[in-house]
Amino acid sequence: MEKFNLNQTIGESVTLHPELFPVYMKYGVDFCCGGDRTVQEAIEKDTDASQQLIADAQEKIDASLQLSVDSKTMKLSDFSTEQLIDRILTQHHTYLKAELPILSELMFKILTVHGENHTELFTIHKIFGNLKTELEGHLVKEEEFLFPKLLVKDSNCKALIEELEQEHDGAGDALHQLTDLTNHFTLPKDACTTYEIVYEKLKELVADMYMHVHTENNILFKRFV
Ligand SMILES: [Fe+2]
Ligand SMILES: [Fe+2]
């Protein structure tokens with residue numbers, strides 16, 4: 001039996017064990033921007049339920065080891081650079097381009113209807129708006145400037161990678177703030193269906209962004225710095 005390793009970095013742990021992704025999401029542990037922290041440090045800082053998390057993680061690792069090697073999904077670390085970029089574009093960038101405008105419209109709708117009784121929505125709306133603007137520019141930088149360089153193995157990309165990593169940190173902060181301000185996406189009693197959809201979509205956004213930034217910071221970018 002393989003033991004859940006608390007001394008590896010949190011980013012490595014998801015790379016080696018993709019099955020840990022839902023566990024970290026459940027407990028709100030950031031494995032993308034704070035990817036260089038050890039598992040121990042990350043879970044102590046991000047959750048009050050570290051013992052429970054360790055038990056859940058061990059269970060996931062045990063269950064995945066019982067699957068035959070063939071039926072296991074390919075690990076991201078085994079992907080070629082071309083495959084990684086393709087996956088980032090088709091899964092994460094496409095998702096953001098489709099969802100950010102929808103979420104923005106719905107967010108404005110609930111601000112209009114519920115802002116008077118739920119003043120935290122003004123802050124949520126503003127943080128989301130800034131995040132959307134930042135992310136749109138960020139996607140263009142990756143698609144137009146960085147990824148073409150990586151595909152031709154141009155080594156002159158360190159400064160750009162650094163800049164993009166800083167933008168990831170900024171996005172990570174915004175996602176943490178959104179998680180806190182919505183009390184982990186807990187709906188108020190008087191929430192309408194639109195409110196529900198917004199919180200559901202925000203939750204999806206956090207999960208997708210964690211996986212997206214993890215794929216870039218901890219796997220793709222690490223090959224070039
Ligand atoms: Fe990206
Ligand atoms: Fe990125």
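The values are calculated or read from the model by the stated rules, or taken from the named source; none is laboratory data. Small disclaimer: the values here were computed from a predicted structure and weren't measured. All Cβ positions, even for glycine, are placed from backbone atoms using ideal geometry, and neighbour counts span all protein chains on display. Just the protein is used for accessible areas: all its heavy atoms, side chains included, with ligands, DNA and RNA removed. Shrake-Rupley method; radii C 1.70, N 1.55, O 1.52, S 1.80 Å.
Some points to look at:
- Applying the set (1) under 24 Å from Asp30 (Cβ atoms); (2) not in a helix (DSSP H, G or I) to Glu167 leaves exactly one unmet item: (2).
- Enumeration of residues in segment 19-31 that are more than 18 Å from Glu44 (Cβ to Cβ), within 13 Å of the chain's Cα centre (by Cα) and not aromatic (Phe, Trp, Tyr): Pro22
- Matching option when the condition is open to solvent by 100 Å² or more (accessible area, probe 1.4 Å) and modelled with pLDDT of 95 or more, among Lys141, Lys132, Lys126: Lys126
- Taking each residue of segment 173-200 that is under 12 Å from Gly28 (Cα atoms) and looking for partners that are open to solvent by 70 Å² or more (accessible area, probe 1.4 Å) and part of a helix (DSSP H, G or I) with beta-carbon atoms closer than 7 Å, six or more apart or interchain, yields Phe185/Lys203.
- Residue pairs meeting the criteria (Cβ under 9 Å; at least 6 apart or on separate chains; first assigned by TED's automatic domain parsing to the domain that holds Leu205, in segment 29-47; second part of a loop (DSSP other than H, G, I, E, B) and open to solvent by 10 Å² or more (accessible area, probe 1.4 Å)): none
- Evaluating Leu164 against the criteria (1) without any contact (Cβ under 8 Å) to a residue 12 or more places away in the chain; (2) within 12 Å of ligand 2 (Cβ to nearest atom) leaves one unmet condition, (1).
- When segment 92-117 is limited to residues that are free of Cβ contacts under 8 Å to residues at least 60 places away in the same chain and more than 16 Å from ligand 1 (Cβ to nearest atom), the one that is surrounded by the fewest Cβ atoms within 10 Å (Cβ to Cβ) turns out to be Glu116.
- Leu106 being closer than 22 Å to Phe221 by Cβ and in the same structural domain as Glu167 (by TED's automatic domain parsing): no
- Flag if Leu89 is surrounded by fewer than 16 Cβ atoms within 10 Å (Cβ to Cβ), part of a helix (DSSP H, G or I), at pLDDT 95 or above and not β-branched (Val, Ile, Thr): yes
- First in segment 133-144 and part of a helix (DSSP H, G or I), second anywhere and away from ligand 1 (no atom under 12 Å from the Cβ) and at pLDDT 95 or above, Cβ under 8 Å, 6 or more apart: Glu134/Gly170; Glu134/Ala174; Leu135/Leu100; Glu136/Leu100; Lys141/Leu160; Lys141/Glu163
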